[in-house]
1. Which residues among segment 60-91 fall inside the zone where the amide N is under 16 Å from a point 7 Å beyond the Cα of Leu52, along Cα→Cβ?
2. Output the relative contact order of segment 59-174, whole-number percent, from Cα pairs under 8 angstrom with separation of 6+ residues.
3. Which of Gln70, Cys110, Ala128 sits farthest toward the positive end of the charge dipole of segment 14-129, with +1 on the Cβ of Lys and Arg and -1 on the Cβ of Asp and Glu?
4. Can you give me the Rg/Rh ratio for segment 121-238, using Cα atoms for both radii and the Kirkwood formula for Rh?
5. I need the calculated FRET efficiency for the pair Asp45 and Ala268, taking r as the beta carbon distance and R₀ as 35 Å, to the nearest 0.05.
6. Would you mind putting 350-357, 364-371 in packing order, based on average other-beta-carbon counts within 10 Å, highest first?
7. Relative contact order, percent, of segment 278-331 when contacts are C-alpha pairs under 8 Å separated by at least 6 residues?
8. Per residue, how much accessible area does segment 343-448 show when a 1.4 Å probe rolls over the protein heavy atoms, in square angstrom?
Amino acid sequence: MEMNLEQFAARVLEAAQQAGIAPAELCSGSTESFTARVRDGALEDYQVSDRLSVTLRGRVGERIGTASTQAMDEESVALLIQGVRESAALIENDEQDDILPPDERYETVCNYSAELNALPAQEKIALAMDIDRLMHEGDARLKADASVVSTAKSTVSMRNTLGLNLSHTSNMIYAYTSALAKEGESAATGFKLLWGYGLKDVDAQTIAEGCQKDALANLGAGRTRSSETPAVIKASAMADLLSTFSGVFSADNAQKGMSLLAGREGSAIASACVTITDDPLLPWGMNSCPFDMEGAAARTKHVVEGGVLKTLLHNRQTARRAGTVTTGNAAGGGRVAPSNLFIAPGARSAQELLENMGDGLYVTEVSGLHAGANPISGDFSLLARGFEVRGGKIARAVEQFTVAGNFYRLLEDVLSVGSDLTFEGSPIGSPSIAVRALSVAGEDGEKT
């Protein structure tokens, strides 16, 4: 017989104690998702899913075992107990993740909308239909691709035999569309995504017009010559770079020799205008949660402040090794991960960054991040597109060029930070930034 989560948690922890597994901790994660995809005026795809995962951790003698299930019945209780015992017997590592009582205080954070949770499927489909219709009413040079609307609701809960009892629910909606623009022999793609916590955050007109503008702006794009040039990196492109290299701020990676920031706390690693914040308490943040996956209270912290590395991101295990305290960034399974990580915005608009640059390159998109970036050394060589800038104004679109550099050096070369902080469907965000120079390989070959 299936139990609800509260009944199941109480039953598992009771059974664990009776079996001599103490302390014991039960963590659960559930996700309900909906996706509608519309193409050429018709509903092409409609998906609803509901996933649940429950994990029991418990101390058996001197070792902590782990076991998981996706069912909540009496048979699963017995399988979890057996799994924890067998897992503990196989562990040879003396360094164990502790199961601990709750912290004294947890902050309140909200990224859940009851209105969104009650939104009928018909209205989500209607939104996708509206985006698709607007795309087909656009410029004749455009061929619309699919328009997608998706919602997700997630709940994470933790309970242990030492008094810990935590739960947090979040949800979100996102919508996007893409298109191909063609004129003569020239072709360009466009894309626009919006996300938030209600229909007002994913306006169909804004999405359609943004996609159309993106595609048409890149029609007729030419090539640029190889050079070492001043550049402004668009907010979304800089967020992609920060996401790719976010692992350098992990204490776990640093302690394993996979980050060049090991032991550099207190040292300048970036321009004085760069502050990088990890904020799990950000109101309406995509990854906001008052606790991490070890049950530690989450807190806001500047990873880099005024160019100086203030802290790496820790769970309890890495903090113990470093002789410090956890930053509340445990991601489960011994991993360390950021929550809402972003470069703090400055005072200038992206347009002002271009005007101050004068002549240079406006990089609007980078691709090939998995193959063209080394997350340990910080080196990158990425296919990009953007615009040549002359006299502070966009002159022409350019494509099929490569930008190369090093992430650590890029942070040092930041001249100014924009005010347009952007989270584009990701908990890692950035404003636009102006940098001293980027190495560009264009139509005349590799830049040396």
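The values are calculated or read from the model by the stated rules, or taken from the named source; none is laboratory data. In this text, all values refer to a predicted model and were calculated from it rather than measured experimentally. No Cβ is skipped: glycine too gets one built from the backbone with ideal geometry, and neighbour counts run over all protein chains shown. Calculation scope for accessible area: heavy atoms of the full protein, side chains included, ligands and nucleic acids excluded. Shrake-Rupley method; radii C 1.70, N 1.55, O 1.52, S 1.80 Å.
1. Residues 68-80 qualify, since their backbone N sits under 16 Å from the label point.
2. Relative CO of segment 59-174 lands at 24 percent.
3. It is Ala128, whose Cα lies furthest towards the positive end.
4. 1.18
5. Efficiency, from the Cβ-Cβ distance: 0.10.
6. Output ranking for 350-357, 364-371: 350-357, 364-371.
7. Dividing the mean separation by the residue count of segment 278-331 yields 32 percent.
8. 44 Å²
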